[in-house]
Amino acid sequence: MLKPLYKNVVLKKEEVEQKTASGIILSTETKELPSIGTVVAVGPKCESGLKEGDKVVFKQYSGTKVTLEDKVEYTVIDEEDILASVE
């Protein structure tokens with residue numbers, strides 16, 4: 001598991017599947033996907049009050065993608081690149 005340092009946060013980006021009412025899956029190649037993720041771990045110097053399990057909106061092109069052995073993709077992002085908490 002990743003343990004973030006300083007003011008970094010580890011997120012798991014939510015996968016959004018676009019479907020029509022009849023069940024047809026739409027291509028997402030030309031659409032921008034929402035930058036919403038779930039907090040997996042928070043660094044020791046974070047001051048925002050985020051905790052594991054919180055859903056957040058983050059800047060689209062920020063952070064570093066990391067794939068671990070279990071093939072789960074995480075994003076390590078600076079606390080300042082998180083824009084909002086989703087309630």
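The values are calculated or read from the model by the stated rules, or taken from the named source; none is laboratory data. Every value quoted in this text rests on a predicted model; they were computed, and no experiment measured them. Because the Cβ atoms are built from the backbone with ideal geometry, glycine has one as well, and the counts that use them run over all protein chains shown.
If you go through segment 66-85 one residue at a time, how many are touching an Asp or Glu at 6+ places or on another chain (Cβ under 8 Å) and surrounded by 10 or more Cβ atoms within 10 Å (Cβ to Cβ)?
3
Out of 55, 51, I need the residue that is surrounded by fewer than 18 Cβ atoms within 10 Å (Cβ to Cβ), modelled with pLDDT of 90 or more and out of contact with any strand residue (DSSP E or B) (no Cβ under 6 Å at 6 or more places or on another chain). Which one? Write out each step before concluding.
Numbers: 55 fails: out of contact with any strand residue (DSSP E or B) (no Cβ under 6 Å at 6 or more places or on another chain).
Just one listed residue meets the conditions, 51.
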